[in-house]
Amino acid sequence: MKNYQVLSVCGSGTVTSSMVAEKLKETLEEKGYIITTTEANPNEALALAQTGKYDFITFTSPLPVGDYGIPVISAIGFLTGFGEEEFLEEIDDVLDNLSK
């Protein structure tokens, strides 16, 4: 199993990002992926992404404009359940590209 590093971002960097991170870990574990997450707020996201430590970002709050250098995926649909399939398809595409 491949391990991926995910930056999970929400307004405060704690509550919603943790919810998304935990749900993502559980969902992807069922598909054979190991996910390690870091929760952050939008003001921390760009600097953290530029460390090169993360494979992609999921977010529920708007991110500052910038070059994150990694895929950035809105997790609102995953959080609410409306658009969850689309979110997971996008995650699958990202993971497929990272595996190449």
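We did not get these values from a lab; they are worked out from the coordinates using the rules stated. Because the structure is predicted, anything quoted here is derived from the model rather than measured. All Cβ positions, glycine included, derive from the backbone under ideal geometry; neighbour counts span all protein chains shown.
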Conditions (1) surrounded by fewer than 17 Cβ atoms within 10 Å (Cβ to Cβ); (2) at negative phi -> L24 fails only (1)
Among the helices (runs of 4 or more DSSP H) contained in region 1-87, which hold 1 or more residues that are within 21 Å of N97 (Cα to Cα), aromatic (F, W, Y) and in contact (Cβ under 8 Å) with a residue 40 or more places away in the chain?
76-80
Taking the stated definitions as given, is F59 buried (at least 17 other Cβ atoms within 10 Å of the Cβ) and closer than 18 Å to T14 by Cα?
yes
Of all residues in region 27-49 being β-branched (V, I, T) and farther than 14 Å from L88 by Cβ, the one that is surrounded by the most Cβ atoms within 10 Å (Cβ to Cβ)
T37
